[in-house]
Amino acid sequence: MERNITLIALFAALIAALGLVPKFDFAFGVPITAQSMGVMLAGTVLGARRGALAVLLFLGLVALGLPLLSGGRGGLGVFAGPTVGFLVGFPVAAFVTGWFAQAWAGKGGFVLPALAAILGGVIVLYVFGIVGFALVTGKSIAASTAIMAVFIPGDAIKAVLAGLITQGLRKARPGLAAA
Amino acid sequence: MISLTSDIRTPWHRLPAGPKLLVLCLWTLALTWVGTVPAALVACGVVAALYLPGGVAFLRQGVRLLKPLWVFAVLVGGWHVVTGEVAQGAVILLRLAAAIAAANLVTLTTRLDTMLAVVERALAAFRVPETFRKRLALAVALMIRFTPVLAQKGGQLITAWRARSPRRAGWRLMVPFALTALDDAERVADAIRARGGA
(Lines give C-alpha, C1' and ligand atoms only; values in the text may rest on other atoms or scores of the structure.)
Protein backbone atom coordinates (compact mmCIF):
# COMPACT_ATOMS: atom_id res chain seq x y z
CA MET A 1 0.00 0.00 0.00
CA GLU A 2 2.79 2.42 0.92
CA ARG A 3 4.55 1.53 -2.31
CA ASN A 4 1.40 2.29 -4.32
CA ILE A 5 0.97 5.66 -2.62
CA THR A 6 4.59 6.67 -3.19
CA LEU A 7 4.63 5.43 -6.79
CA ILE A 8 1.50 7.44 -7.54
CA ALA A 9 2.76 10.56 -5.77
CA LEU A 10 6.26 10.41 -7.24
CA PHE A 11 5.01 9.80 -10.75
CA ALA A 12 2.63 12.74 -10.38
CA ALA A 13 5.66 14.78 -9.30
CA LEU A 14 7.51 13.50 -12.38
CA ILE A 15 4.73 14.72 -14.67
CA ALA A 16 4.83 18.08 -12.89
CA ALA A 17 8.62 18.23 -13.18
CA LEU A 18 8.30 17.61 -16.93
CA GLY A 19 6.31 20.80 -17.11
CA LEU A 20 8.92 22.70 -15.10
CA VAL A 21 11.95 21.50 -17.06
CA PRO A 22 11.26 23.03 -20.45
CA LYS A 23 14.46 22.18 -22.21
CA PHE A 24 13.70 18.57 -23.05
CA ASP A 25 13.67 18.92 -26.80
CA PHE A 26 12.41 16.01 -28.77
CA ALA A 27 12.27 14.85 -32.35
CA PHE A 28 14.10 16.95 -34.90
CA GLY A 29 14.82 19.85 -32.60
CA VAL A 30 11.18 20.82 -32.27
CA PRO A 31 10.54 21.70 -28.64
CA ILE A 32 7.52 19.54 -28.04
CA THR A 33 6.42 19.50 -24.43
CA ALA A 34 7.07 16.23 -22.67
CA GLN A 35 4.12 16.32 -20.32
CA SER A 36 1.68 14.36 -22.47
CA MET A 37 4.41 11.76 -22.82
CA GLY A 38 4.53 11.65 -19.02
CA VAL A 39 0.82 10.79 -19.04
CA MET A 40 1.42 7.93 -21.49
CA LEU A 41 4.31 6.67 -19.36
CA ALA A 42 2.12 6.77 -16.27
CA GLY A 43 -0.05 4.18 -17.99
CA THR A 44 2.68 1.97 -19.41
CA VAL A 45 4.87 2.01 -16.29
CA LEU A 46 2.38 2.07 -13.41
CA GLY A 47 -0.53 0.29 -15.03
CA ALA A 48 -4.10 1.43 -15.55
CA ARG A 49 -5.27 2.13 -11.99
CA ARG A 50 -2.12 3.67 -10.52
CA GLY A 51 -1.36 5.57 -13.70
CA ALA A 52 -4.80 7.17 -13.78
CA LEU A 53 -4.54 8.04 -10.07
CA ALA A 54 -1.13 9.65 -10.59
CA VAL A 55 -2.52 11.83 -13.38
CA LEU A 56 -5.60 12.70 -11.29
CA LEU A 57 -3.37 13.75 -8.39
CA PHE A 58 -1.37 15.92 -10.76
CA LEU A 59 -4.52 17.55 -12.17
CA GLY A 60 -5.91 18.07 -8.67
CA LEU A 61 -2.91 20.11 -7.67
CA VAL A 62 -3.02 22.06 -10.91
CA ALA A 63 -6.65 22.92 -10.13
CA LEU A 64 -5.69 24.04 -6.63
CA GLY A 65 -3.40 26.68 -8.08
CA LEU A 66 0.05 25.25 -8.77
CA PRO A 67 1.59 26.28 -12.12
CA LEU A 68 2.55 22.75 -13.14
CA LEU A 69 1.26 22.56 -16.71
CA SER A 70 3.94 23.15 -19.31
CA GLY A 71 4.43 26.83 -19.80
CA GLY A 72 3.79 27.50 -16.14
CA ARG A 73 0.04 27.31 -16.51
CA GLY A 74 -2.23 26.27 -13.71
CA GLY A 75 -5.16 27.19 -11.55
CA LEU A 76 -8.84 26.96 -12.29
CA GLY A 77 -8.54 29.05 -15.45
CA VAL A 78 -7.06 26.19 -17.46
CA PHE A 79 -10.18 24.15 -16.75
CA ALA A 80 -12.32 26.94 -18.19
CA GLY A 81 -10.22 27.21 -21.32
CA PRO A 82 -10.21 25.47 -24.72
CA THR A 83 -7.88 22.64 -23.69
CA VAL A 84 -10.10 21.44 -20.84
CA GLY A 85 -11.06 18.36 -22.89
CA PHE A 86 -7.43 17.27 -22.97
CA LEU A 87 -7.06 17.79 -19.24
CA VAL A 88 -10.14 15.71 -18.50
CA GLY A 89 -8.91 13.13 -21.00
CA PHE A 90 -5.45 12.79 -19.43
CA PRO A 91 -6.42 10.36 -16.65
CA VAL A 92 -8.63 8.39 -19.03
CA ALA A 93 -5.76 8.22 -21.53
CA ALA A 94 -3.44 6.96 -18.80
CA PHE A 95 -6.00 4.35 -17.79
CA VAL A 96 -6.57 3.06 -21.33
CA THR A 97 -2.83 3.06 -22.04
CA GLY A 98 -2.19 1.16 -18.82
CA TRP A 99 -4.99 -1.29 -19.51
CA PHE A 100 -3.50 -2.28 -22.86
CA ALA A 101 0.05 -2.24 -21.49
CA GLN A 102 -0.96 -4.62 -18.72
CA ALA A 103 -2.87 -6.84 -21.13
CA TRP A 104 0.27 -7.13 -23.27
CA ALA A 105 2.51 -7.22 -20.23
CA GLY A 106 6.20 -7.71 -20.90
CA LYS A 107 5.80 -8.68 -24.54
CA GLY A 108 6.65 -6.99 -27.78
CA GLY A 109 9.73 -4.96 -26.97
CA PHE A 110 8.81 -1.34 -27.55
CA VAL A 111 6.13 -1.84 -30.20
CA LEU A 112 3.32 -3.02 -27.93
CA PRO A 113 3.84 -0.33 -25.27
CA ALA A 114 4.00 2.24 -28.09
CA LEU A 115 0.74 0.88 -29.50
CA ALA A 116 -0.85 1.09 -26.04
CA ALA A 117 0.34 4.69 -25.82
CA ILE A 118 -1.20 5.50 -29.21
CA LEU A 119 -4.51 3.89 -28.31
CA GLY A 120 -4.74 5.70 -25.00
CA GLY A 121 -2.54 8.74 -25.28
CA VAL A 122 -3.49 9.75 -28.82
CA ILE A 123 -6.81 8.25 -29.89
CA VAL A 124 -8.73 8.35 -26.61
CA LEU A 125 -7.10 11.63 -25.53
CA TYR A 126 -7.93 13.40 -28.75
CA VAL A 127 -11.54 12.24 -28.63
CA PHE A 128 -11.82 13.98 -25.26
CA GLY A 129 -9.78 16.96 -26.41
CA ILE A 130 -11.79 17.53 -29.58
CA VAL A 131 -15.15 17.14 -27.85
CA GLY A 132 -14.02 19.51 -25.09
CA PHE A 133 -12.82 22.04 -27.62
CA ALA A 134 -16.10 21.82 -29.53
CA LEU A 135 -18.14 22.30 -26.35
CA VAL A 136 -16.10 25.24 -25.05
CA THR A 137 -15.84 27.12 -28.34
CA GLY A 138 -19.20 26.13 -29.82
CA LYS A 139 -17.61 24.92 -33.02
CA SER A 140 -18.61 21.75 -34.81
CA ILE A 141 -16.80 18.48 -34.20
CA ALA A 142 -15.50 18.55 -37.76
CA ALA A 143 -14.03 22.01 -37.37
CA SER A 144 -12.54 21.16 -33.98
CA THR A 145 -10.95 18.02 -35.42
CA ALA A 146 -9.45 20.03 -38.25
CA ILE A 147 -7.93 22.48 -35.79
CA MET A 148 -6.57 19.82 -33.42
CA ALA A 149 -5.31 17.45 -36.13
CA VAL A 150 -2.19 19.59 -36.42
CA PHE A 151 -0.89 18.28 -33.13
CA ILE A 152 -1.52 14.59 -33.70
CA PRO A 153 1.75 13.74 -35.52
CA GLY A 154 3.80 15.18 -32.66
CA ASP A 155 1.88 13.13 -30.13
CA ALA A 156 2.20 10.00 -32.28
CA ILE A 157 5.97 10.45 -32.18
CA LYS A 158 5.75 10.87 -28.41
CA ALA A 159 3.83 7.59 -28.19
CA VAL A 160 6.59 5.73 -30.03
CA LEU A 161 9.19 7.35 -27.76
CA ALA A 162 7.09 6.32 -24.75
CA GLY A 163 7.28 2.74 -26.02
CA LEU A 164 11.06 2.94 -26.30
CA ILE A 165 11.37 4.52 -22.86
CA THR A 166 9.10 1.89 -21.31
CA GLN A 167 11.22 -0.84 -22.87
CA GLY A 168 14.32 0.73 -21.34
CA LEU A 169 12.66 1.06 -17.94
CA ARG A 170 11.48 -2.55 -17.96
CA LYS A 171 15.00 -3.71 -18.67
CA ALA A 172 16.44 -1.51 -15.94
CA ARG A 173 13.84 -2.47 -13.31
CA PRO A 174 12.37 -5.90 -14.04
CA GLY A 175 10.20 -5.92 -10.91
CA LEU A 176 8.38 -2.79 -12.02
CA ALA A 177 5.08 -4.16 -13.18
CA ALA A 178 4.27 -5.82 -9.86
CA ALA A 179 1.19 -4.04 -8.52
CA MET B 1 7.03 25.49 -4.82
CA ILE B 2 5.46 28.79 -5.65
CA SER B 3 1.74 28.73 -6.26
CA LEU B 4 -0.16 31.18 -8.42
CA THR B 5 -1.69 33.01 -5.47
CA SER B 6 -1.00 36.71 -5.75
CA ASP B 7 1.05 38.59 -3.14
CA ILE B 8 -0.99 41.71 -3.77
CA ARG B 9 -3.72 41.80 -1.14
CA THR B 10 -7.25 42.35 -2.39
CA PRO B 11 -10.59 42.26 -0.57
CA TRP B 12 -11.21 38.93 -2.31
CA HIS B 13 -8.30 37.33 -0.42
CA ARG B 14 -10.33 37.61 2.79
CA LEU B 15 -13.34 35.74 1.43
CA PRO B 16 -13.59 32.01 2.20
CA ALA B 17 -12.80 29.70 -0.69
CA GLY B 18 -16.06 27.74 -0.75
CA PRO B 19 -18.36 30.66 -1.66
CA LYS B 20 -15.84 31.93 -4.22
CA LEU B 21 -15.80 28.56 -5.96
CA LEU B 22 -19.60 28.41 -5.91
CA VAL B 23 -19.93 31.88 -7.45
CA LEU B 24 -17.38 30.88 -10.09
CA CYS B 25 -19.45 27.79 -11.03
CA LEU B 26 -22.60 29.87 -11.33
CA TRP B 27 -20.79 32.55 -13.36
CA THR B 28 -19.41 29.98 -15.81
CA LEU B 29 -22.90 28.51 -16.19
CA ALA B 30 -24.43 31.95 -16.71
CA LEU B 31 -21.91 32.67 -19.45
CA THR B 32 -23.36 29.90 -21.59
CA TRP B 33 -26.39 32.15 -22.10
CA VAL B 34 -24.29 34.99 -23.47
CA GLY B 35 -24.89 35.03 -27.22
CA THR B 36 -24.36 38.56 -28.48
CA VAL B 37 -21.29 40.76 -28.69
CA PRO B 38 -22.64 43.51 -26.38
CA ALA B 39 -23.53 40.93 -23.69
CA ALA B 40 -20.08 39.35 -24.00
CA LEU B 41 -18.44 42.76 -23.67
CA VAL B 42 -20.49 43.46 -20.54
CA ALA B 43 -19.41 40.11 -19.06
CA CYS B 44 -15.75 40.93 -19.71
CA GLY B 45 -16.28 44.36 -18.21
CA VAL B 46 -17.75 42.84 -15.05
CA VAL B 47 -14.76 40.55 -14.57
CA ALA B 48 -12.28 43.33 -15.33
CA ALA B 49 -14.02 45.49 -12.73
CA LEU B 50 -13.56 42.72 -10.17
CA TYR B 51 -9.80 42.91 -10.71
CA LEU B 52 -9.69 46.64 -10.01
CA PRO B 53 -9.75 46.55 -6.18
CA GLY B 54 -6.30 45.00 -6.40
CA GLY B 55 -4.84 47.86 -8.33
CA VAL B 56 -3.05 48.04 -11.66
CA ALA B 57 -0.32 45.57 -10.69
CA PHE B 58 -2.96 42.98 -9.83
CA LEU B 59 -4.74 43.61 -13.12
CA ARG B 60 -1.43 43.07 -14.89
CA GLN B 61 -0.98 39.72 -13.13
CA GLY B 62 -4.41 38.74 -14.35
CA VAL B 63 -3.55 39.70 -17.91
CA ARG B 64 -0.32 37.72 -17.70
CA LEU B 65 -2.31 34.59 -16.81
CA LEU B 66 -4.36 35.09 -19.98
CA LYS B 67 -1.33 35.33 -22.25
CA PRO B 68 -1.00 31.61 -23.12
CA LEU B 69 -4.34 31.91 -24.91
CA TRP B 70 -3.20 34.30 -27.61
CA VAL B 71 -2.28 31.50 -30.03
CA PHE B 72 -5.72 30.02 -29.66
CA ALA B 73 -7.30 33.45 -30.04
CA VAL B 74 -5.44 34.06 -33.29
CA LEU B 75 -6.41 30.61 -34.62
CA VAL B 76 -10.09 30.87 -33.81
CA GLY B 77 -10.31 34.56 -34.67
CA GLY B 78 -8.60 33.97 -37.98
CA TRP B 79 -10.91 31.05 -38.74
CA HIS B 80 -13.96 33.19 -38.14
CA VAL B 81 -12.64 36.08 -40.20
CA VAL B 82 -12.00 33.69 -43.08
CA THR B 83 -15.47 32.16 -42.87
CA GLY B 84 -17.08 35.59 -42.48
CA GLU B 85 -18.59 34.96 -39.05
CA VAL B 86 -16.74 37.70 -37.22
CA ALA B 87 -19.45 38.39 -34.64
CA GLN B 88 -19.70 34.75 -33.63
CA GLY B 89 -15.96 34.52 -33.30
CA ALA B 90 -15.91 37.61 -31.13
CA VAL B 91 -18.61 36.19 -28.85
CA ILE B 92 -16.72 32.91 -28.44
CA LEU B 93 -13.43 34.61 -27.60
CA LEU B 94 -14.94 37.19 -25.25
CA ARG B 95 -17.00 34.56 -23.42
CA LEU B 96 -13.93 32.40 -22.98
CA ALA B 97 -11.94 35.37 -21.72
CA ALA B 98 -14.65 36.19 -19.17
CA ALA B 99 -14.77 32.58 -17.92
CA ILE B 100 -11.01 32.11 -17.75
CA ALA B 101 -10.33 35.49 -16.16
CA ALA B 102 -12.96 34.79 -13.47
CA ALA B 103 -11.41 31.40 -12.72
CA ASN B 104 -7.96 33.00 -12.61
CA LEU B 105 -9.29 35.60 -10.17
CA VAL B 106 -10.28 32.83 -7.75
CA THR B 107 -6.86 31.21 -8.14
CA LEU B 108 -5.05 34.53 -7.61
CA THR B 109 -6.98 35.31 -4.44
CA THR B 110 -7.07 31.91 -2.75
CA ARG B 111 -4.13 30.29 -1.00
CA LEU B 112 -3.18 26.67 -1.60
CA ASP B 113 -3.77 25.63 2.03
CA THR B 114 -7.24 27.22 1.93
CA MET B 115 -8.07 25.24 -1.22
CA LEU B 116 -6.78 22.05 0.40
CA ALA B 117 -8.99 22.77 3.42
CA VAL B 118 -12.02 23.06 1.13
CA VAL B 119 -11.16 19.70 -0.44
CA GLU B 120 -10.79 18.18 3.00
CA ARG B 121 -14.18 19.50 4.14
CA ALA B 122 -15.86 18.31 0.95
CA LEU B 123 -14.42 14.81 1.39
CA ALA B 124 -15.57 14.72 5.02
CA ALA B 125 -19.03 15.94 3.98
CA PHE B 126 -19.27 13.11 1.46
CA ARG B 127 -18.35 10.66 4.24
CA VAL B 128 -15.19 9.49 2.50
CA PRO B 129 -13.42 7.05 4.87
CA GLU B 130 -10.71 8.55 7.03
CA THR B 131 -8.01 6.10 5.92
CA PHE B 132 -8.52 7.23 2.35
CA ARG B 133 -8.39 10.89 3.38
CA LYS B 134 -5.14 10.35 5.25
CA ARG B 135 -3.58 8.56 2.28
CA LEU B 136 -4.70 11.32 -0.04
CA ALA B 137 -3.17 13.93 2.26
CA LEU B 138 0.08 11.93 2.28
CA ALA B 139 0.07 11.66 -1.52
CA VAL B 140 -0.53 15.41 -1.91
CA ALA B 141 2.26 16.23 0.54
CA LEU B 142 4.67 13.84 -1.22
CA MET B 143 3.89 15.27 -4.64
CA ILE B 144 4.39 18.85 -3.48
CA ARG B 145 7.61 17.90 -1.71
CA PHE B 146 9.14 15.95 -4.58
CA THR B 147 8.21 18.02 -7.63
CA PRO B 148 11.00 20.59 -7.16
CA VAL B 149 13.43 17.79 -6.22
CA LEU B 150 12.70 15.93 -9.46
CA ALA B 151 12.78 19.12 -11.50
CA GLN B 152 16.24 19.82 -10.13
CA LYS B 153 17.45 16.30 -10.87
CA GLY B 154 16.10 16.67 -14.40
CA GLY B 155 18.12 19.83 -14.77
CA GLN B 156 21.22 18.02 -13.53
CA LEU B 157 20.69 15.23 -16.06
CA ILE B 158 20.49 17.80 -18.84
CA THR B 159 23.66 19.49 -17.63
CA ALA B 160 25.46 16.15 -17.42
CA TRP B 161 24.39 15.35 -20.98
CA ARG B 162 25.57 18.74 -22.24
CA ALA B 163 28.96 18.17 -20.60
CA ARG B 164 29.35 14.96 -22.60
CA SER B 165 27.73 15.62 -25.95
CA PRO B 166 27.37 18.42 -28.48
CA ARG B 167 23.92 17.14 -29.43
CA ARG B 168 20.85 18.45 -27.71
CA ALA B 169 19.49 16.49 -24.74
CA GLY B 170 16.77 14.26 -26.10
CA TRP B 171 14.25 11.63 -25.21
CA ARG B 172 16.87 9.19 -23.96
CA LEU B 173 17.15 11.24 -20.77
CA MET B 174 13.62 10.20 -19.85
CA VAL B 175 14.84 6.75 -18.84
CA PRO B 176 17.19 7.92 -16.05
CA PHE B 177 14.73 10.68 -15.19
CA ALA B 178 11.85 8.26 -14.70
CA LEU B 179 14.17 5.86 -12.88
CA THR B 180 14.99 8.63 -10.42
CA ALA B 181 11.30 9.03 -9.64
CA LEU B 182 10.67 5.28 -9.40
CA ASP B 183 13.69 4.60 -7.18
CA ASP B 184 12.80 7.53 -4.93
CA ALA B 185 9.29 6.08 -4.62
CA GLU B 186 10.67 2.73 -3.44
CA ARG B 187 12.92 4.41 -0.87
CA VAL B 188 10.19 6.70 0.44
CA ALA B 189 7.85 3.69 0.75
CA ASP B 190 10.49 1.93 2.86
CA ALA B 191 10.91 5.05 4.99
CA ILE B 192 7.15 5.28 5.57
CA ARG B 193 6.94 1.60 6.48
CA ALA B 194 9.80 2.05 8.90
CA ARG B 195 7.76 4.73 10.62
CA GLY B 196 4.63 2.72 11.07
CA GLY B 197 3.09 2.62 7.63
CA ALA B 198 0.50 4.75 5.89
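The values are calculated or read from the model by the stated rules, or taken from the named source; none is laboratory data. Computed from a predicted structure; not experimentally measured. When we count neighbours, we look across all protein chains shown, and the Cβ atoms used for this are built from the backbone with ideal geometry, even at glycine. Heavy atoms of the whole protein, side chains included, go into the accessibility calculation; ligands, DNA and RNA do not. Shrake-Rupley method; radii C 1.70, N 1.55, O 1.52, S 1.80 Å.
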**OP:** Mind listing whichever residues of the range B:1-59 are surrounded by 13 or more Cβ atoms within 10 Å (Cβ to Cβ), modelled with pLDDT under 90 and charged (D, E, K, R)?
**Re:** B:Arg9
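Would you call A:Gly175 open to solvent by less than 50 Å² (accessible area, probe 1.4 Å), farther than 30 Å from B:Thr109 by Cβ and within 12 Å of chain B (Cβ to nearest Cβ)? Explain how you work it out, then say what you get.
Details: open to solvent by less than 50 Å² (accessible area, probe 1.4 Å): no; farther than 30 Å from B:Thr109 by Cβ: yes; within 12 Å of chain B (Cβ to nearest Cβ): yes.
It is false that A:Gly175 is open to solvent by less than 50 Å² (accessible area, probe 1.4 Å), farther than 30 Å from B:Thr109 by Cβ and within 12 Å of chain B (Cβ to nearest Cβ).
A quick yes/no check of all residues on (1) under 30 Å from B:Pro11 (Cα atoms); (2) modelled with pLDDT of 90 or more; (3) among the aliphatic types (A, V, I, L, M):
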residue: B:Ala97; (1), (2), (3): yes, yes, yes
residue: B:Ala102; (1), (2), (3): yes, yes, yes
residue: B:Leu112; (1), (2), (3): yes, no, yes
residue: B:Arg133; (1), (2), (3): no, yes, no
residue: B:Leu157; (1), (2), (3): no, yes, yes
residue: B:Ala163; (1), (2), (3): no, yes, yes
Original post:
When you go through (1) open to solvent by less than 60 Å² (accessible area, probe 1.4 Å); (2) not in a helix (DSSP H, G or I) one by one for A:Lys107, which number turns out not to apply?
Top reply: (1)
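Condition check ((1) at the interface with chain B (Cβ under 7 Å from one of its Cβ atoms); (2) polar (S, T, N, Q); (3) open to solvent by 10 Å² or more (accessible area, probe 1.4 Å); (4) part of a loop (DSSP other than H, G, I, E, B)) across all residues:
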{"position": "A:Leu66", "(1), (2), (3), (4)": "yes, no, no, yes"}
{"position": "A:Gly71", "(1), (2), (3), (4)": "yes, no, yes, yes"}
{"position": "A:Gly75", "(1), (2), (3), (4)": "yes, no, no, yes"}
{"position": "A:Val96", "(1), (2), (3), (4)": "no, no, yes, no"}
**OP:** Scan the range B:96-122 residue by residue and report those that are more than 8 Å from chain A (Cβ to nearest Cβ), assigned to a helix (DSSP H, G or I) and not aliphatic (A, V, I, L, M).
**Re:** B:Asp113, B:Thr114, B:Glu120, B:Arg121
Original post:
For residues in the range A:1-18 being more than 7 Å from chain B (Cβ to nearest Cβ) and surrounded by 20 or more Cβ atoms within 10 Å (Cβ to Cβ), which is modelled with the highest pLDDT?
Top reply: A:Ile15
Original post:
Within the range A:19-38, how many residues are open to solvent by less than 10 Å² (accessible area, probe 1.4 Å) and either at pLDDT 95 or above or within 8 Å of chain B (Cβ to nearest Cβ) (or both)?
Top reply: 3
**OP:** Could you list all residues from the range A:79-93 that are part of a helix (DSSP H, G or I) and either within 8 Å of another protein chain (Cβ to nearest Cβ) or charged (D, E, K, R) (or both)?
**Re:** A:Phe79, A:Ala80
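Does A:Leu53 qualify as being assigned to a helix (DSSP H, G or I), in contact with a helix residue (DSSP H, G or I) (Cβ under 7 Å, 6 or more places away or on another chain), modelled with pLDDT of 95 or more and within 30 Å of B:Val63 (Cα to Cα)? Write out each step before concluding.
Working: assigned to a helix (DSSP H, G or I): yes; in contact with a helix residue (DSSP H, G or I) (Cβ under 7 Å, 6 or more places away or on another chain): yes; modelled with pLDDT of 95 or more: yes; within 30 Å of B:Val63 (Cα to Cα): no.
It is false that A:Leu53 is assigned to a helix (DSSP H, G or I), in contact with a helix residue (DSSP H, G or I) (Cβ under 7 Å, 6 or more places away or on another chain), modelled with pLDDT of 95 or more and within 30 Å of B:Val63 (Cα to Cα).
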Original post:
Hey, among B:Glu85, B:Glu186, which residue is without any contact (Cβ under 8 Å) to a residue 40 or more places away in the chain, closer than 16 Å to A:Leu7 by Cα, of a type in the set (D, E, K, R) and open to solvent by 30 Å² or more (accessible area, probe 1.4 Å)?
Top reply: B:Glu186
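State whether one or more residues within the range B:123-146 are in contact (Cβ under 8 Å) with a residue 60 or more places away in the chain, open to solvent by less than 60 Å² (accessible area, probe 1.4 Å) and facing chain A (nearest Cβ under 8 Å).
The first filter runs over the range B:123-146 and keeps only residues in contact (Cβ under 8 Å) with a residue 60 or more places away in the chain, leaving B:134-135, B:138, B:144.
Those left that are additionally open to solvent by less than 60 Å² (accessible area, probe 1.4 Å): B:138, B:144.
Right, trim to facing chain A (nearest Cβ under 8 Å) and you get B:138, B:144.
Yes, some residue in the range B:123-146 is in contact (Cβ under 8 Å) with a residue 60 or more places away in the chain, open to solvent by less than 60 Å² (accessible area, probe 1.4 Å) and facing chain A (nearest Cβ under 8 Å).
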